[in-house]
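K.L.:
Quick one: this structure, given as structure tokens, is what I'll be asking you about.
The values are calculated or read from the model by the stated rules, or taken from the named source; none is laboratory data. Only a predicted model underlies this, so the values are computations on that prediction, with no experimental measurement involved. FYI the Cβ positions are ideal-geometry reconstructions off the backbone, even for glycines, and counts take in every protein chain you see. Side chains are part of the model used for accessible areas, which takes the heavy atoms of the whole protein and leaves out ligands, DNA and RNA. Shrake-Rupley method; radii C 1.70, N 1.55, O 1.52, S 1.80 Å.
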Amino acid sequence: MRLVLVKRLLVGAPMSLAQARHERLGKAVALAVFASDPLSSVAYATEEILLVLVLAGSTALSYALPVAVGIAALFAVVVVSYRQTVAAYPQGGGA
């Protein structure tokens, strides 16, 4: 009971269903907003991997192409995952 009161104090009262319907994001906007987090994480990882390869020396740079293929595969997994989520929840949704 105390947890509910603390939550209500910090977050506020629950939103009415009528109001919540106006707060939903469309598919295009939601994809652009929520896909940026995993995509930026993948981009950051790419930079760090290549930095390690450069620091390791010129022979380690031969791994750059296999790493790039792996990163491209990871991008593909993220895209497929988001497409499946959008297909599963065609009217939107929320976390």
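K.L.:
Taking the dipole about the Cα centre of the chain, with the C-beta of Lys and Arg at +1 and of Asp and Glu at -1, give me whichever of 54, 85, 32 is farthest to the positive side.
P.N.:
Working it through, the farthest residue towards the positive pole turns out to be 85.
K.L.:
Enter the accessible area of residue 7 (Å², nearest 10), with the probe set to 1.4 Å and all protein chains included.
P.N.:
130 Å²
K.L.:
Further, regarding this structure: Net charge around residue 86, counting only other residues with Cβ within less than 15 Å of its Cβ (Lys, Arg = +1; Asp, Glu = -1)?
P.N.:
+3
K.L.:
If you roll a 1.4 Å probe over the heavy atoms of the protein chains, what accessible area per residue do you get for the chain, in Å²? Don't skip to the answer; put the middle values down first.
P.N.:
On the way: 7870 Å² over 95 residues.
Value returned for the chain: 83 Å² of accessible area per residue.
K.L.:
Additional query: Tell me the mean residue ellipticity at 222 nm calculated for the chain from its helices only (DSSP H runs of n ≥ 4, each -39500 (n - 2.57), averaged over every residue, nearest 500).
P.N.:
Taken over the chain, the calculation gives -23500 deg cm²/dmol.
K.L.:
Report the extension gain between residue 9 and residue 52 in nm, rounded to one decimal, defined as 0.36 nm multiplied by the number of residues separating them, less their alpha carbon distance.
P.N.:
Value of the extension gain: 10.8 nm.
K.L.:
Let me ask something else about it. Report, in order of residue number, the helices in the chain meeting two criteria: a C-alpha extent of 15 Å or more along the helix axis, and a mean Kyte-Doolittle hydropathy of at least -1.0; treat each whole DSSP H run as one helix. Could the numbers behind the result be given before it?
P.N.:
Numbers: long enough: 36-56 (30 Å, 1.19); 64-88 (36 Å, 1.76).
What comes out of the filter, once short or polar helices are dropped, is 36-56, 64-88.
K.L.:
Next up: Looking at the chain, what % of the alpha carbon pairs are farther apart than 20 Å?
P.N.:
Roughly 60 percent, rounded to a whole number.
K.L.:
Using only the alpha-carbon atoms of the stretch 11-62 as identical scatterers, what base-10 log of I(q)/I(0) does the Debye formula give at q = 0.13, 0.18, 0.31 Å⁻¹?
P.N.:
Values, matching the q order: -0.58, -0.75, -1.05.
K.L.:
May I pose another question? At 1.4 Å probe size, with the rest of the protein present, what percent of the exposed accessible area of the chain is carbon and sulfur atoms?
P.N.:
So the carbon and sulfur contribution to the accessible surface is 69 percent.
K.L.:
Now, a different point. Which sequence of 49, 71 reflects their accessible areas, 1.4 Å probe, from the largest down?
P.N.:
So the residues, ranked largest to smallest area, are 49, 71.
K.L.:
Give me the one-decimal nm value for the distance between modelled label points at residue 76 and residue 32, 7 Å along each residue's Cα-to-Cβ direction.
P.N.:
So the label points at residue 76 and residue 32 sit 2.7 nm apart.
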